[in-house]
Amino acid sequence: LDVDDSEIKAPRAGLIQKASVEEGDLISAGGQTLLATIYDDTTIDVWFSVPDRVYLRAVRNTPEGAPPTVGVRTELDDDFPFSGEIEYADPVADELTGTIRIRASVDNPDRTLLGGLFVRVRIPTGQLDEAVLVPEAAVLRDQVGPYVLVVGEGNVVERRNVELGATDAGDVIVTSGLAAEDRLVTRGLLRARPGAPVTPKTEPPSESPTTSPAE
């Protein structure tokens with residue numbers, strides 16, 4: 001019995017931090033002394049806050065009975081390679097900020113994510129069919145609002161006022177004001193002016209499916 005009680009087994013598997021006590025140290029009975037901290041990091045809890053409308057859209061666009069999903073990335077990731085599910089949301093919204101605090105459980109099989117990291121979270125709030133995605137750098141703004149420059153008939157630059165959606169990895173969704181067949185000006189924006197003729201040069205598809213005025 002004495003030999004059995006001399007061993008303390010961890011209640012779970014995971015990565016262990018530096019031990020808080022060493023061999024020969026006196027510890028208190030009844031579990032009062034912290035021996036070590038073990039992290040079960042095969043899944044990571046990610047806490048974040050989103051505007052209440054974003055959370056409501058995510059819930060409404062999720063099949064009934066299924067939790068909303070999220071994508072997670074670190075500062076070094078270009079995409080959102082980690083996926084997870086929302087497990088908890090505060091029952092009330094913050095009246096001052098209009099946000100809801102959420103916890104998502106994210107799969108971490110390779111233990112790439114570490115506790116305490118800052119990450120970016122993407123929540124799908126719906127599906128846009130035939131959406132127009134343009135480089136964020138091609139979107140200009142003034143007092144009227146956001147707009148883009150396109151090459152119209154006769155290779156003349158035209159202004160198109162647009163409405164924007166979400167951004168992702170340097171691109172932005174245009175929800176209205178621009179058609180898929182429009183030729184978007186992506187380079188030489190400082191020289192392009194509405195009403196000015198240009199000689200458009202189509203970029204290779206590997207770079208971008210848009211067009212830009214020739215230098």
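The values are calculated or read from the model by the stated rules, or taken from the named source; none is laboratory data. Bear in mind the structure is a predicted one, so any value in this text is a computation, not a measurement. Neighbour counts run over all protein chains shown; Cβ positions are idealised from the backbone, glycine included. For accessibility, only protein heavy atoms count, side chains too; no ligands or nucleic acids. Shrake-Rupley method; radii C 1.70, N 1.55, O 1.52, S 1.80 Å.
Brief remarks follow.
- Amide H within-cut-off set for residue 108, under 5 Å, with H built and near neighbours excluded: 43, 44
- FRET E, pair residue 78, residue 54, Förster distance 22 Å, beta-carbon r, rounded to 0.05: 0.45
- Net length available on complete extension from residue 131 to residue 39 is 28.9 nm, with 0.36 nm assigned per residue and the Cα-Cα distance removed.
- Three-way shape label, the range 31-140, alpha-carbon gyration tensor, a/c 1.5: prolate
- Counting only Cβ charges, +1 for Lys and Arg and -1 for Asp and Glu, the dipole size of the chain around its Cα centre is about 1240 debye.
- Amide proton proximity set for residue 164, modelled H, under 5 Å, gap of 5+: 175
- Within the accessible surface of the chain, defined with a 1.4 Å probe on protein heavy atoms only, the carbon and sulfur portion equals 50 percent.
- Remark: the range 128-136, residue by residue, has Karplus-estimated 3J(HN,Hα) of 10, 7, 6, 6, 9, 10, 10, x, 4 Hz, where x stands for each Gly or Pro and the curve is 6.51 cos²θ - 1.76 cosθ + 1.60 at θ = phi - 60°.
- Annotation: per residue accessible area for the range 102-157 equals 65 Å², rounded to a whole number [probe 1.4 Å, protein chains only].
- A convex hull fitted around the alpha carbon atoms of the chain yields 224 Å³ per residue.
- Here the range 111-152 is scanned for amide nitrogen atoms under 15 Å from the site 7 Å beyond the Cα of residue 171 along Cα-to-Cβ, giving 128-139.
- Tensor-based shape of the range 95-170 (alpha-carbon gyration tensor, a/c under 1.5 rounded, otherwise prolate or oblate): prolate
- Scalar couplings 3J(HN,Hα) for the range 96-104, obtained by applying the Karplus form with A = 6.51, B = -1.76, C = 1.60 to θ = phi - 60°, are 7, 10, x, 10, 10, 7, 10, 10, 10 Hz; x denotes Gly and Pro.
- Taking the chain as a Gaussian network of alpha-carbon nodes connected by springs under 10 Å, the highest mean-square fluctuation of the residues 65, 84, 170 belongs to 65.
- Inter-site label distance for residue 190 and residue 153 at 7 Å from Cα along Cβ, in nm: 3.3 nm
- Ellipsoid semi-axes in whole angstrom, largest first, where each is sqrt(5λ) of the Cα gyration tensor of the range 130-190: 17, 13, 11
- Here's the picture: charge each Lys and Arg Cβ at +1 and each Asp and Glu Cβ at -1 in the range 1-126, and of 59, 105, 71 the one pushed furthest to the positive end of that dipole is 59.
- 5 angstrom amide H check on residue 152, placed H, neighbours 5+ away: 157, 158
- Using θ = phi - 60° in the Karplus curve 6.51 cos²θ - 1.76 cosθ + 1.60, the 3J(HN,Hα) couplings for the range 152-163 round to x, 5, x, 6, 9, 5, 10, 9, 10, 6, 10, 10 Hz; x is entered for Gly and Pro.
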